[in-house]
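The values are calculated or read from the model by the stated rules, or taken from the named source; none is laboratory data. Bear in mind the structure is a predicted one, so any value in this text is a computation, not a measurement. Using ideal geometry, Cβ is built from the backbone for each residue, glycine included, and neighbour counts are taken over all protein chains shown. Side chains included, ligands, DNA and RNA excluded: accessible areas come from the protein's heavy atoms. Shrake-Rupley method; radii C 1.70, N 1.55, O 1.52, S 1.80 Å.
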Amino acid sequence: MTTDPVQLLIDAGAIPSNPFAPDSRYAGVALGRYVRHAGDPGVAYVRRRFIPQQRDIAVAAQTIVAAGARPDLLAAQAFGNPELYWRIADANAVIDPFELTDTLGARVALPVVVGL
């Protein structure tokens, strides 16, 4: 049994076990704890998030990159939430979201986002 007060609050349901908002790219990703030795309370970390295969992401539309475009602006325009830029990055199989808007005139896939 742990004596870590934060873990006790999580276990009691007073603090959510997943600290991420429902629209976060890390929502639903398990948390881990790295313990160096016995008695060490450990360090919490977010486990690996696997990016869906591009073929498994439904595309709603495409947009053309214009001057001044940024990933967050694309997400704000498409979904009404700039923090959903990561959904566009996933749909286009890019790790660095800024790759989406590096090339003027490039086509960018906009995914279907359930729950908006």
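A few remarks follow.
- Hits in the range 44-81 (condition: under 17 Å from Val113 (Cβ atoms), in contact with a Leu (Cβ under 8 Å, 6 or more places away or on another chain) and open to solvent by 60 Å² or more (accessible area, probe 1.4 Å)): Val59, Ala60, Gln62, Gly80
- Whichever residue in the range 82-116 is closer than 16 Å to Ser24 by Cβ and of a type in the set (Phe, Trp, Tyr) and, among such residues, is least open to solvent (accessible area, probe 1.4 Å): Trp86
- For the range 85-92, the criterion of being at negative phi, in a helix (DSSP H, G or I) and of a type in the set (Lys, Arg) is satisfied by at least one residue.
- When the range 10-33 is limited to residues that are exposed (fewer than 12 other Cβ atoms within 10 Å of the Cβ) and more than 22 Å from the chain's Cα centre (by Cα), the one that is modelled with the highest pLDDT turns out to be Ala12.
- For the range 80-114, a tally of residues being more than 15 Å from the chain's Cα centre (by Cα) and within 21 Å of Phe20 (Cβ to Cβ) returns 1.
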